[in-house]
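Quick note: the coordinates plus some simple rules give every number you see, no bench work behind them. Remember, predicted model here, so these are calculated numbers, not experimental data. A quick note on method: Cβ atoms are made from the backbone with ideal geometry, for glycine too, and the neighbour counts reach across all protein chains shown.
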Amino acid sequence: MFGLFKSKPKAYQNVNVEEFKSLKKQSKTVVLDVRTPQEKTEGTVPGAQQINFFNPNFKTQIAKLDKSKTYLVYCRSGNRSKKACAAMGSMGFEKIYNLSGGIMAWNRDN
């Protein structure tokens, strides 16, 4: 009975900038920027692929990605990318990492 109230483990891990950089160097890794195109003026992580979280086709675009790869996901502050990571986990992706603090943390630490 008590097992009914257990929360499902997160399908993703939150990582800091140094961990994100280390993971980025590995093969079969894709960096996803889930911000709007307008937000790119705040800077980008080199090599990032953009899929706007607010686009109505977001889940359709995510579904086309290779689930065998590792995904490093970021947004402006880390909140939207958490939602994107959770959505990816519910779609069967297993290797997902969220950049805590988003591009703001990336810019501060680079």
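Looking at the range 1-105, which GluC sites (Glu not before Pro) are in a loop (DSSP not H, G, I, E or B) and have at most 16 other Cβ atoms within 10 Å?
Answer in residue order: 94.
Here's the list of lysines a cross-link from residue 83 could span, going by alpha-carbon distance under 22 Å and ignoring same-chain residues fewer than 8 apart: 6, 8, 10, 21, 24, 40, 59, 64, 67, 69, 95. Rounded to the nearest 500, the helix-only mean residue ellipticity at 222 nm of the chain stands at -8500 deg cm²/dmol, with each DSSP H run of n ≥ 4 adding -39,500 (n - 2.57).
Considering the range 10-109, its Cα convex hull presents a mean projected area of 5.6 nm². With contacts taken as Cα pairs under 8 Å at a separation of at least 6 residues, the chain carries a relative contact order of 35 percent.
Within the range 15-110, the chymotrypsin sites (Phe, Trp or Tyr not before Pro) that combine a DSSP coil assignment with at most 16 other C-beta atoms in a 10 angstrom radius are 54. Using only side-chain charges placed at the Cβ, +1 for Lys and Arg and -1 for Asp and Glu, the dipole size of the chain relative to its Cα centre rounds to 300 debye.
Ordering 29, 73, 92 by the projection of their Cα atoms onto the charge dipole of the range 10-109, which places +1 on the Cβ of Lys and Arg and -1 on the Cβ of Asp and Glu, puts 92 at the extreme positive end.
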